[in-house]
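Taking it in order: structure first as structure tokens, then the write-up.
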Amino acid sequence: MPAIRLETKRVEKPWGRHDLWPGFADVPEGGQPVGEVWFQAPQDDGETDPELLVKYLFTSQKLSVQVHPDDAGARAKGYPRGKSEAWQILSAEPHATIGIGMLKPMTRDELRAAALDGSIEDDIDWKTVKPGEFWYSPADTVHAIGPGLVVIEIQQNVDLTYRLYDYGSDRELHLDDAVAVADPVPYVAPFQPRELADGRRLLAAGDKFVVERWTKPATGTLAATRARPLWLVPLGGEAQAGGESVAPGGVWLVDEAVPFALEEGADLLIAYPGAAAIDMLVS
């Protein structure tokens with residue numbers, strides 16, 4: 001297929017917002033707040049789900065303190081994969097935070113006790129974030145996202161979250177599963193972003209997916225394949241991929257070689273499965 005614009009799914013959340021982001025219609029008066037917009041590939045019978053999922057998040061309250069299992073932990077529960085994820089911060093109100101990792105190492109028994117008495121909210125490391133920052137959260141990392149943020153989330157494609165704590169709400173918690181997979185230690189970034197020789201910026205190269213940011217004009221052929229498709233997530237300006245105009249507010253999936261052009265002033269995230277960066281653009 002050529003570059004295909006993915007279908008959107010708006011997800012109502014109690015912590016969501018009524019005012020969203022340019023390219024997304026705001027919630028009508030009286031409507032329930034929208035917390036997420038998912039970008040999903042159309043599925044034919046017999047096809048497996050893509051390895052990655054891209055979302056926009058819109059927060060007005062703190063999300064629950066939670067953790068996701070790795071591949072082994074997820075498959076033990078019957079899921080296809082675990083969930084590592086990454087966040088590109090688009091907008092942040094003053095003093096907006098994400099919680100990622102713990103202030104000090106904890107035992108699993110201490111983590112359970114803190115979740116039960118609510119002190120976990122003070123044990124997690126709340127970091128002030130700004131627009132333009134990028135964070136990678138490996139599976140098993142205890143984390144939460146604070147209010148006042150618009151975030152692009154790139155994640156392994158599985159709907160599997162274990163809640164440790166939800167600020168006294170009546171939503172279900174998953175203490176046994178969460179404590180079993182959590183690694184309750186201070187966060188250490190698993191990868192340091194770096195500039196590549198051709199002007200690409202490598203944001204993350206974990207063991208599950210790679211994220212790059214392109215901000216310089218470029219032309220050629222995207223070297224996508226069904227085994228290693230590319231997700232195109234435009235932040236600004238315009239690009240052309242396989243005859244499709246790629247602009248903010250959408251996400252495109254490319255799984256075959258297509259002509260590509262990134263225009264002057266454009267800003268584009270590209271994500272793909274795997275553990276190392278590849279040369280995706282050929283002359």
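Which one of Y167, Y187 is out of contact with any strand residue (DSSP E or B) (no Cβ under 6 Å at 6 or more places or on another chain), modelled with pLDDT of 95 or more and of a type in the set (F, W, Y)? Walk me through how you get there before you give the answer.
On the way: Y187 fails: out of contact with any strand residue (DSSP E or B) (no Cβ under 6 Å at 6 or more places or on another chain).
Only one candidate passes the filter, namely Y167.
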*Quick one: is E110 outside any strand (DSSP E or B) and at pLDDT below 95?*
no
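Here is a yes/no grid of residues against (1) outside any helix (DSSP H, G or I); (2) of a type in the set (S, T, Y); (3) within 16 Å of V67 (Cα to Cα):
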| site | (1), (2), (3) |
| --- | --- |
| A115 | no, no, yes |
| D125 | yes, no, yes |
| K130 | yes, no, no |
| V151 | yes, no, no |
| V158 | yes, no, yes |
| E172 | yes, no, yes |
| D176 | no, no, yes |
*If you go through the range 132-142 one residue at a time, do you hit one that is within 28 Å of W21 (Cβ to Cβ) and not assigned by TED's automatic domain parsing to the domain that holds L111?*
no
*Having 2 or more residues that are among the charged types (D, E, K, R) and closer than 20 Å to Q156 by Cα is the bar; report the strands (runs of 3 or more DSSP E) wholly within the range 189-239 that clear it.*
209-214
*In the set E244, E263, which member is of a type in the set (D, E) and either touching a His at 6+ places or on another chain (Cβ under 9 Å) or in contact (Cβ under 8 Å) with a residue 60 or more places away in the chain (or both)?*
E244
*For the subset of the range 20-51 comprising residues that are of a type in the set (D, E) and free of Cβ contacts under 8 Å to residues at least 24 places away in the same chain, which member is farthest from S91 (Cα to Cα)?*
D45
_Residue, nearest to A144 (Cα to Cα), within the range 171-199, restricted to residues that are surrounded by 12 or more Cβ atoms within 10 Å (Cβ to Cβ) and of a type in the set (D, E)_ = D183
*asked:* Here is a check on your reading of the model: is T221 of a type in the set (S, T, N, Q) and at pLDDT below 95?
replied: no
*Just one of V150, V158, V210 is within 24 Å of P80 (Cβ to Cβ), modelled with pLDDT of 95 or more and assigned by TED's automatic domain parsing to the domain that holds Q88; which is it?*
V158
*Please work out which residue is nearest to the chain's Cα centre (by Cα), limiting yourself to the range 143-171 and to residues that are among the hydrophobic types (A, V, I, L, M, F, W, C) and under 27 Å from P22 (Cβ atoms).*
I154
*Would you mention how many residues in the range 95-120 are within 29 Å of R17 (Cβ to Cβ), crowded, with 16+ Cβ neighbours inside 10 Å and of a type outside the set (A, V, I, L, M, F, W, C)?*
3
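In the range 261-283, how many residues are part of a strand (DSSP E or B) and of a type in the set (G, A, S)?
Residues of the range 261-283 part of a strand (DSSP E or B): 261-262, 267-273, 281-282.
From what is left, the residues that are of a type in the set (G, A, S) are 261, 271.
The total comes to 2.
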*Selection count where residues are within 14 Å of L253 (Cβ to Cβ) and under 17 Å from the mean Cα position of the chain (by Cα), scope the range 230-242*: 5
*Identify, please: which residue in the range 56-94 is in a loop (DSSP other than H, G, I, E, B), touching a strand residue (DSSP E or B) at 6+ places or on another chain (Cβ under 8 Å) and hydroxyl-bearing (S, T, Y) and is, among those, surrounded by the fewest Cβ atoms within 10 Å (Cβ to Cβ)?*
S60
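The values are calculated or read from the model by the stated rules, or taken from the named source; none is laboratory data. Everything numeric here is computed off the predicted structure, so don't read it as measured data. Here the Cβ is made from the backbone with ideal geometry for all residues, glycine too, and neighbour counts use every protein chain on show.
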